[in-house]
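Here the structure is laid out as structure tokens; the discussion comes afterwards.
The values are calculated or read from the model by the stated rules, or taken from the named source; none is laboratory data. This is a predicted model, so every value here is computed, not measured. Cβ atoms come from the backbone with ideal geometry, glycine included; neighbour counts cover every protein chain shown. Side chains included, ligands, DNA and RNA excluded: accessible areas come from the protein's heavy atoms. Shrake-Rupley method; radii C 1.70, N 1.55, O 1.52, S 1.80 Å.
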Amino acid sequence: MKCRKCGEKASVNMRQHKLALCRDHFLEWLPEQTERFIQKYSMFVRGDRILVAVSGGKDSLSLWDLLISLGYRADGLYLGLGIDGGIQYSDNSHRLARKFAEEKGLVLHVVDVEREYGEPIPVLADISRRGYGKPCAVCGLTKRHVMNRVARDLGYDVLATGHNLDDEAAVLFGNTLQWSGEYLLRQGPVLPGVPGMAKKVKPLCRFYEREMAAYAILRGIEYIYEECPYAAGSTSIYYKEVLNRMEHEHPGTKLNFYLRFLDARQRGLFSQHESMSPELHACTECGQPTSAPGLCSFCRMLRKATPAFEAVSE
Ligand code: Q46
Ligand code: ZN
Ligand code: ZN
């Protein structure tokens, strides 16, 4: 297979675009496309302060690398979840995120959940009894809360995450199977900010996971290969496998699914859910927006899990 631009041997073949590129042309193409998506979806402009949520994986480190190469002002935020799983998952991912930042002279904020809230994620999940065997619900809640808090407290304009097309298509697939109108209405490359909640963007949402892996490898980015140990057996991995089978038979299925959804949403397919969106209130503890008056779900979880937190905060 030859590079479409120069005729040299291709390194990456993107069947959905009928496009094969050599290393150099792929490393030119991907940042150009990223810039195009940033502008198309009005994610941010040069001069905005961007906070990138960095997990130590290929997507978030590549996103940070791309934004810096494109001349944006982007700092990183790493969350120490305290997950070991026999592979020192958190320690290794933290080490790689720190290494990346140090080598490039970038600012990396670190929030260690255990130090901040008294327990690591798996223990918080156990004692708040929200885990149902897996800490993912508590983990997601905590990540959203902390990312938003740091973005707000440190005055960032926007919070960027490294979700790729495979992630987005899997979430969309799940939401569509359930016809979750409210979630479908909110899914997209940009989630506008509301008082107390930062604007969120996903600049990689149109790139396949394998394109991001190719980018990270060709750029020499050292990232953690292992998934979080709690990801095994999750519904989202199952949806990804199903979508991959379809993609294999019909290249472009995932991209089409996602882009046609964005079109439909823009044409107002889920707009009736806008009027059903609940009124937002400020959490009485942390000030972040919540749908019911009183405490937000994160603060409620924390009270249940760490009575000490309750005593201190009252
Ligand atoms: S939610 Fe669950 Fe992930 Fe948290 S505990 Fe691991 S798998 S990291 S995206
Ligand atoms: Zn080429
Ligand atoms: Zn709260």
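Considering only GLY220, GLY76, GLY196, the mean-square fluctuation computed in a Gaussian network model of the chain, springs between alpha carbons under 10 angstrom, is largest for GLY220. Per-residue packing, averaged as other Cβ atoms within 10 Å, sorts the ranges 140-152, 175-187, 9-21 into the order 140-152, 9-21, 175-187, beginning with the highest. Its residue count N sets the reference 2.2 N^0.38 Å, and the alpha-carbon radius of gyration of region 1-123 equals 1.31 times that reference. Here the Karplus relation 6.51 cos²θ - 1.76 cosθ + 1.60, evaluated at θ = phi - 60°, turns the backbone of region 215-221 into coupling constants of 4, 4, 5, 5, 8, x, 7 Hz, with x for every Gly and Pro. For HIS109, nonlocal amide neighbours, meaning residues 5 or more places apart or on other chains whose placed amide H falls under 5 Å from its own, are GLY76, LEU77, TYR78. The relative contact order of the chain, computed from alpha carbon pairs under 8 Å that lie at least 6 residues apart in sequence, is 19 percent. Cα-based values for region 243-298, radius of gyration first and Dmax second, are 18.5, 52 Å. When the alpha carbon gyration tensor of the chain is reduced to an equivalent ellipsoid, the three semi-axes, largest first, read 33, 23, 20 Å. Here the Karplus relation 6.51 cos²θ - 1.76 cosθ + 1.60, evaluated at θ = phi - 60°, turns the backbone of region 77-94 into coupling constants of 10, 10, 10, x, 7, x, 9, 9, x, x, 10, 6, 4, 5, 4, 5, 5, 5 Hz, with x for every Gly and Pro. Close amide H pairs (under 5 Å, H built 1.01 Å from N) link GLU285 with CYS296, residues at least 5 positions away or on another chain. What a 1.4 Å probe finds exposed on region 1-86 is 47% carbon and sulfur by accessible area, rounded to a whole percent.
For GLY57, the residues whose modelled amide H falls within less than 5 Å of its own, excluding neighbours fewer than 5 places apart on the same chain, are ILE224. Phi angles across region 43-52 convert, under the Karplus curve 6.51 cos²θ - 1.76 cosθ + 1.60 with θ = phi - 60°, into 3J(HN,Hα) values of 6, 6, 10, 4, x, 5, 8, 10, 10, 9 Hz, Gly and Pro given as x.
Computed from Cα positions, the angle between helix 253-266 and the longest principal axis of the chain comes to roughly 60 degrees. Cross-link reach is defined here as a Cα-Cα straight distance under 19 Å, omitting same-chain residues fewer than 8 places apart; for LYS199 the aspartates and glutamates meeting it are GLU35, ASP48, ASP75, ASP153, ASP157, GLU168, GLU182, GLU274, GLU279.
Kirkwood radius for region 101-168, taken over all pairs of different Cα atoms as the inverse mean of 1/r, rounds to 14.0 Å.
Kindly flag which residue pairs out of LYS99/LYS304; LYS240/LYS304; LYS134/LYS240; LYS104/LYS240; LYS58/LYS240 have an alpha-carbon separation exceeding 29 Å in this structure. Where the Cα-Cα span goes over 29 Å, the pairs concerned are LYS99/LYS304; LYS240/LYS304; LYS104/LYS240.
Here region 194-298 has 53 percent of its accessible surface on carbon and sulfur atoms, given a 1.4 Å probe and all protein chains in place. In the context of the full set of protein chains, residues of the chain present 51 Å² of accessible surface per residue (probe radius 1.4 Å, heavy atoms only).
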